[in-house]
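Colleague: Pasting a structure here, questions to come.
The values are calculated or read from the model by the stated rules, or taken from the named source; none is laboratory data. If you're wondering where the values come from, they're calculated on a predicted model, not measured in any experiment. Here the Cβ positions follow ideal geometry from the backbone for every residue, glycine too, while neighbour counts run over all protein chains shown. Surface areas here come from the heavy atoms of the whole protein model, side chains and all, with no ligands, DNA or RNA. Shrake-Rupley method; radii C 1.70, N 1.55, O 1.52, S 1.80 Å.
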Amino acid sequence: MKLVSAFEHGWLTIGKEGDLTAPEADALASAESSLPRNCLEWGRNRVKFRQFCGVVQIQQILQIEILPKVFPYQTPDQQRTTLIEMLDTAGDIEGLSAQQAGLGVSNHRLLDVFIRHFLKLLEAQLQQGLLRDYRDVEDTLDQVRGRIDLIRQQRENLFKPQRLACRFNELVADIPVNRLLHSALICMSNLASSSMLRQHIQSMRMRFGGIGVIHKGEHLPRADDLNRMQRRYASVVELARLFIDGQYLDARAGQQQVYSLLFDMNQLFERFVAVKLRPTARKMGLRLMEQGPRKYLGDDDSGKGRLLMRPDISLLNALNQPVAILDTKWKLLDSGNPLASLSSADLYQLSTYASAYCCDQVMLLYPEQAGFRGEYRMALNLGRPVTLMVLAVPLYGEVFSLPAQAVKHAESEAT
């Protein structure tokens, strides 16, 4: 299988000497309907992934690893570490960065890192025993077990009194949660690029002997479906769902198997920033809200609200009034002066938020990048003074919080 590394918004060339051959590009085009909408952009003899990072695999033909392009000078290993740190912090795959550090090396394929993490979590839980649960069973036996089903007894054993139609509970391991985990292991055995990793998966599958799989159309158990005794499996179950949700069969490609584990970097960066700032908001006595509060910009002639606004992050005081509105932008700025690089659309958006929510503090947050670290500020005159802050968010290592000036401003608003 061919392994290709790419960067988000970075072109892959197509051709005999390019990153992808023409048949490989055709296979990717056939799989496009199974990928997130508007994931790919095609050009003349080239293709690129937009704001998505992760892995796409088409049968055993091609695996493409898409990494974040935040620091152009970083190596693929460093970019891979950046993505892993973000996924861990945002809670998409908890504990992933610690597991990656435990490998001792950084040159593992991204998909293999995800698989190793799943196996480590699963192995830790299996050491405490495979999950089991009671299942209602109906069977015809030679002696009573549980209780006799009188209706079935009269219908099936009327002339065979030595046979008893019984209904009882049996403690079994073939339950939906275990079928989900078994299905995820089967999925991973077809995705792992390392032979040693595939052997590890096969040894884990032996622990699930006699347990079935999740069939197409069946409900995938969630962490919320687990009972009190099963809650320790919550993180493993969510990760298993993540793997299985990425598996598709593309009918247009002749039932070609397509696998994708892709993360929208705009949404991931927003969740990452929210997690980083939540402790700061708590210390300030404010409540951090994601994707809200929602408000219509105005009403039409019939009184119906139009243009629903939904800020990425808001800091609310005790009266649930926004004292600061933050908008996250996962993109590179064109120059070292972020104030000169701001797009008109971003300024219009923040100005609208400030006016509609009567908020005097608005912020634009970008990932920290070459030539842009720290903070910048400018004043906006919108009938009243409004402060716009442009902040660089470190993606790993450093602790990030709001500047002292912003904290002081928000605290005064809250009081």
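Colleague: Of the heavy-atom accessible surface of the chain (probe 1.4 angstrom), what whole percent is carbon and sulfur?
Modeller: Working: 10300 of 21000 Å².
Ligands and nucleic acids excluded, carbon and sulfur give 49 percent.
Colleague: Still on this model: Where does helix 234-245 land angle-wise versus the long Cα axis of the chain, in degrees 0 to 90, nearest 10?
Modeller: Tilt of helix 234-245: around 90 degrees.
Colleague: State in Å² the accessible area per residue of the range 1-64; use a 1.4 Å probe, count heavy atoms of protein chains only, and round to the nearest integer.
Modeller: 49
Colleague: Once amide H atoms are built 1.01 Å from N in the peptide plane, which residues 5 or more positions from PHE7, or in another chain, come under 5 Å H to H?
Modeller: LEU67
Colleague: What ³J(HN,Hα) values, in whole Hz, does the Karplus curve 6.51 cos²θ - 1.76 cosθ + 1.60 give for the range 167-174 when θ = phi - 60°, with x put for Gly and Pro?
Modeller: Rounded to whole hertz, the list is 10, 8, 9, 10, 7, 10, 9, 7.
Colleague: Enter the accessible area per residue of the range 171-223 (Å², integer; probe 1.4 Å; all protein chains in place).
Modeller: Working: 2590 Å² over 53 residues.
Value returned for the range 171-223: 49 Å² of accessible area per residue.
Colleague: Can you give me the relative contact order of the chain as a percent, contacts being Cα pairs under 8 Å and 6 or more apart? Spell out each step's value before the answer.
Modeller: Details: 669 pairs, mean separation 52.9, N = 415.
In percent, rounded to a whole number, it is 13.
Colleague: Across the range 263-271, in residue order, what do the Karplus-derived ³J(HN,Hα) couplings come to in whole Hz, using 6.51 cos²θ - 1.76 cosθ + 1.60 with θ = phi - 60° and x for Gly and Pro?
Modeller: Along the range 263-271, the couplings run 10, 6, 5, 4, 6, 5, 5, 4, 5 Hz.
Colleague: Taking the alpha-carbon distance from LYS283 and a cut-off under 30 Å, which lysines remain once sequence neighbours fewer than 8 residues away in the same chain are dropped?
Modeller: Cα-Cα hits under 30 Å: LYS295, LYS329, LYS331, LYS408.
Colleague: If you don't mind, another one. Enumerate by residue number the chymotrypsin sites (Phe, Trp or Tyr not before Pro) in the range 123-173 meeting two conditions: DSSP loop (anything except H, G, I, E, B), and at most 13 other Cβ atoms within 10 Å of the site's Cβ.
Modeller: PHE159
Colleague: Please tell me the relative contact order of the range 151-262 in percent, rounded to the nearest whole number, where contacts are Cα pairs under 8 Å and at least six residues apart.
Modeller: Relative contact order comes out at 23 percent.
Colleague: I've got another one for you. If amide H atoms are built 1.01 Å from N in the plane of the peptide, which residues on other chains or at least 5 residues away come under 5 Å of the amide H of ALA324?
Modeller: Here the answer is LEU315, since their amide H atoms fall under 5 Å of that of ALA324.
Colleague: Hey, another quick one. Can you pull out the chymotrypsin sites (Phe, Trp or Tyr not before Pro) in the range 1-74 whose DSSP state is coil and whose Cβ has at most 13 other Cβ atoms within 10 Å? Each step should come with its number before you reach the end.
Modeller: On the way: sites: PHE7, TRP11, TRP42, PHE49, PHE52, TYR73; in loops: TRP11, TYR73.
Loop-located and lightly packed - TYR73.
Colleague: Taking the Cα atoms only, what angle lies between the long axis of helix 176-189 and the longest principal axis of the chain, rounded to 10 degrees?
Modeller: That works out to roughly 70 degrees.
Colleague: If you take every DSSP beta bridge whose two residues both sit in the chain, what share of them, in percent to the nearest 5, is antiparallel?
Modeller: Values: 53 of 71 bridges.
Roughly 75 percent of the DSSP beta bridges within the chain come out antiparallel.
Colleague: Further question on the same structure: Near the amide H of VAL393, under 5 Å away, which other amide H atoms are found, from residues 5 or more places off or on another chain, if H is placed in the peptide plane?
Modeller: Sorted by chain and number, the residues that satisfy this are TYR366, GLU368.
Colleague: Starting with the highest mean, order 219-229, 356-366, 293-303 by the number of other Cβ atoms within 10 Å, averaged over the residues of each peptide.
Modeller: Final packing ranking: 356-366, 219-229, 293-303.
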